[in-house]
């Protein structure tokens, strides 16, 4: 401890004997950490926006189906409305909203074209709380009730069918008796989502659709919304216990592609951190080695005055610890300032066409995640100190005789 009290002030003063080299090292460390923290916040916000935008269309955080429905979604694999036990589980505090739907494959036909689609019968009052489709209407109105036999179609599908608001389309769906049921629907609304979704889904009243295909109260799915992602696994477990005969899945299991994209977002941050850590390592080890070679005469004099090799090792290591620590502190402050400055949201609406391909929202809201400001700075600091041990070891091995010969 006495040695540290002596060497720590000396190490701090040594940092500023060459301000240019110190500033360059601080710049490398602080910018590297700042970029990691800023990118982590941006990637997290991007992933959250993409996930929310997709889940709010139709998926929600999870769905319940009859066993086998997802493998073969047809009218013979439906389920009854939720019973008392399932209703109690769906109305748990962890679930903010839920909606029961009837979703069946169909064919839509206009005067000009026939296309395959999926028709979703909904309860409008429930869909308004759980889905973003009612807010995405660009023409017309949303459904007024479960008996409303109007059709809500996608913008791109309307173009492909060469139809428009107020015109009629023919929907053909296999009915319960196995015959193909055909009925005309007025286009009462047109929504704007991503192109693939627009081409796939048509919405109408659930009761109107059940009447069309000869069903009673049968449904094909229950979608539920869980605001807290940490509570999702517990909710899935409780729903499975309440409905053991049904297939209960969270969104990552419903869409493997979306789950993979969510995981890749986190991996991107660590890939970038690895790149930055390599660059920081190169910068630190180069500057510290240069500092050691320039101070050979000094280290020789310190050894001649009685400083032990271990003290020289500690001195150079302390210089690295202080230098990297200061750079880490500056990087943390810069990262926090950047995220705070953009906390009001990054408006990407000017790139809405490009964002559609990535299923991302138009505004990204950056947040400071406390663990990022613990894990990443600590990793950078430990790495910087670790790579500086070699120059410190080289300095400790210098003998007074070698130092004097180097000086001459």
Review point. Just to be sure, is residue 107 under 16 Å from residue 190 (Cβ atoms) and part of a strand (DSSP E or B)?
Key: no
Review point. Of (1) crowded, with 16+ Cβ neighbours inside 10 Å; (2) in contact with a strand residue (DSSP E or B) (Cβ under 8 Å, 6 or more places away or on another chain); (3) free of Cβ contacts under 8 Å to residues at least 24 places away in the same chain, residue 168 satisfies all except one. Which?
Key: (1)
Review point. Among the residues of the stretch 223-239, is any at pLDDT below 75 and either within 30 Å of residue 28 (Cα to Cα) or under 26 Å from the mean Cα position of the chain (by Cα) (or both)?
Key: no
Exercise for review: Could you list, in sequence order, all residues of the stretch 367-379 that are within 19 Å of residue 267 (Cβ to Cβ) and part of a helix (DSSP H, G or I)?
Suggested key: 372, 375, 376, 379
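The values are calculated or read from the model by the stated rules, or taken from the named source; none is laboratory data. All figures in this text were calculated on a predicted structure; none of them were measured in a lab. Glycine gets a Cβ as well: all are built from the backbone with ideal geometry, and neighbour counts include every protein chain shown.
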